[in-house]
Amino acid sequence: MKTKAIRFHSFGGPEELKYETVDIPEPGPGEVRIRHTAIGLNLIDTYHRSGLYPLDLPSGLGSEAAGTVEALGADVDSLDIGDRVAYTGRPPFAYSQARNWPAERAVRIPDSVSDEEAAAVLLKGLTAWYLLRRSYAVRAGDPILLYAAAGGVGSLASQWANHLGATVMGIVSTAEKAELARAQGCAYVLMADDEDIPGKVREHSDGKGVAAVYDSVGKDTFFTSLDSLRPHGVMVSFGNASGAVEPFAPSELAKRGSLYLTRPILFDFIDTSDRLRAACEELFNVIASGAVKIQVNQRYPLEQAATAHRDIEARKTTGSTVLLP
């Protein structure tokens, strides 16, 4: 069958994204075909498009979506035609009207969650999950520092961390985003252009620094983040919005109080279907409890993916964004 999809043939800016007609084969053994109803937009999509995280070209794009199962391959007994499902993973081809996907890597969407919410939350929500529950397990009373606190992951992580009893310090780029961060559980909000973020962090943590920093910015903020930690604090570097962190001497960790550094990726935490489903259950439960609310603040037609990329790179978006096929 034929479907419409976003493809790119060269690395570069948003103008490289093309809306094309592509062929999809019948689902193979263990696969289902999913008719997309909503597609999640994530900052990592811009990294793939630019070549920061290179893919084999030509390539599709997008790592999460929600939709309806419309065809089953052989040996699929875990899903039925008509099931509402969501998924996250590679190969990146979520920016499409439909695709084939392994049945064991798709999760049913609870009745309490809409398709748009599922598409908006799965990758970002599971990212917040592995940050707060696995990379550094937040405990009640912990002070933590969270970059991009009004963004897709940040909006979820700030609510979840607040629910866990942490004192959340959020970093944002505008006054509008500062208000959003406060509304989502940040006890203190710092501006990204502040020249003394470590000093402000210590003012709000009895002079000690934070237990963990969740840094999605990368190169430009790496040492600022290290300087914001208390002794034995954990630096969680999980993004490269400003570029990849440059090589540094491990002694930089020692002289700041024997710090810990981790560079986690989601798929190491959901590498089996059982782990994926357990993580999704924890995520959907915290959403069902009302502790974490999904804010889908931007919607773009699929064919306008380039505009969506320009807006997310210009920091014009808040909360979550979806593409509608």
Give the residues of the range 84-115 that are at pLDDT below 90 and either of a type in the set (S, T, Y) or in contact with a strand residue (DSSP E or B) (Cβ under 6 Å, 6 or more places away or on another chain) (or both), sorted by residue number.
S112
Cross-chain or 6+ apart pairs with Cβ under 6 Å, the range 102-118 first and in the same structural domain as V85 (by TED's automatic domain parsing), then of a type in the set (S, T, Y) and in a loop (DSSP other than H, G, I, E, B)
A103/S78
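Looking at G233, is it of a type outside the set (D, E, K, R), surrounded by fewer than 20 Cβ atoms within 10 Å (Cβ to Cβ), out of contact with any helix residue (DSSP H, G or I) (no Cβ under 8 Å at 6 or more places or on another chain) and farther than 30 Å from Q298 by Cβ? Outline the logic, then answer.
Working: of a type outside the set (D, E, K, R): yes; surrounded by fewer than 20 Cβ atoms within 10 Å (Cβ to Cβ): no; out of contact with any helix residue (DSSP H, G or I) (no Cβ under 8 Å at 6 or more places or on another chain): yes; farther than 30 Å from Q298 by Cβ: yes.
No: the conditions fail for G233.
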Identify all residues within the range 134-169 that are assigned to a loop (DSSP other than H, G, I, E, B) and out of contact with any helix residue (DSSP H, G or I) (no Cβ under 7 Å at 6 or more places or on another chain); write none if there are none.
Y136, A137, R139, A140, G141, D142, G151, G165, A166
Being closer than 27 Å to K293 by Cβ and loosely packed, with under 12 Cβ neighbours inside 10 Å is the filter here, so list the residues in the range 175-209 that pass it.
A175, E176
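Right, A65: out of contact with any His (no Cβ under 6 Å at 6 or more places or on another chain) and at pLDDT 95 or above or not?
On the way: out of contact with any His (no Cβ under 6 Å at 6 or more places or on another chain): no; at pLDDT 95 or above: yes.
Against the criterion (out of contact with any His (no Cβ under 6 Å at 6 or more places or on another chain) and at pLDDT 95 or above), A65 does not qualify.
Would you point out which residue out of L131, L123 is touching a residue at least 60 places away in the same chain (Cβ under 8 Å), under 30 Å from V210 (Cα atoms), in contact with a Pro (Cβ under 8 Å, 6 or more places away or on another chain) and in a helix (DSSP H, G or I)?
L131
Only one of these is assigned by TED's automatic domain parsing to the domain that holds F222, at pLDDT below 95 and among the hydrophobic types (A, V, I, L, M, F, W, C): L164, L156. Name it. Write out each step before concluding.
Working: L164 fails: at pLDDT below 95.
So the residue among L164, L156 that is assigned by TED's automatic domain parsing to the domain that holds F222, at pLDDT below 95 and among the hydrophobic types (A, V, I, L, M, F, W, C) is L156.
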On the basis of being more than 27 Å from P14 (Cα to Cα), outside any helix (DSSP H, G or I), at pLDDT below 95 and not basic (K, R), does G290 make the cut?
yes
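Yes or no, residue by residue, for (1) under 16 Å from the mean Cα position of the chain (by Cα); (2) closer than 17 Å to I144 by Cβ; (3) in the same structural domain as I144 (by TED's automatic domain parsing):
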residue: M235; (1), (2), (3): no, yes, yes
residue: G239; (1), (2), (3): yes, yes, yes
residue: A244; (1), (2), (3): no, no, yes
residue: P247; (1), (2), (3): no, no, yes
residue: T272; (1), (2), (3): no, no, no
Would you confirm whether any residue within the range 72-83 is touching a strand residue (DSSP E or B) at 6+ places or on another chain (Cβ under 7 Å) and under 19 Å from V322 (Cβ atoms)?
no
Could you grab me the full set of residues in the range 170-203 that are in a helix (DSSP H, G or I) and either touching a helix residue (DSSP H, G or I) at 6+ places or on another chain (Cβ under 6 Å) or closer than 17 Å to L156 by Cβ (or both)?
K177, L180, A181, R182, A183, I197, P198
Select from the range 241-260 the residues that are surrounded by fewer than 18 Cβ atoms within 10 Å (Cβ to Cβ), closer than 30 Å to S63 by Cα and not hydroxyl-bearing (S, T, Y) and list them in ascending order.
G243, A244, E246, P247
Cβ contacts < 8 Å: first residue acidic (D, E), restricted to the range 293-313; second residue not in a strand (DSSP E or B), any location; separation 6+ or different chain. Result?
D311/T317; E313/P14; E313/T46
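Go through the range 79-90 and count every residue that is surrounded by 14 or more Cβ atoms within 10 Å (Cβ to Cβ) and either without any contact (Cβ under 8 Å) to a residue 40 or more places away in the chain or closer than 28 Å to F8 by Cα (or both). Break it down into steps so the answer makes sense when it comes.
Filtering the range 79-90 down to residues surrounded by 14 or more Cβ atoms within 10 Å (Cβ to Cβ) leaves 79, 83-89.
This time we only want the ones that are either without any contact (Cβ under 8 Å) to a residue 40 or more places away in the chain or closer than 28 Å to F8 by Cα (or both), so: 83-89.
So the count comes out to 7.
The values are calculated or read from the model by the stated rules, or taken from the named source; none is laboratory data. Just so it is clear, the structure is predicted and the values come from calculations on it, not from any experiment. Reconstructed Cβ throughout: ideal geometry from the backbone, glycine too, with neighbour counts over all protein chains shown.
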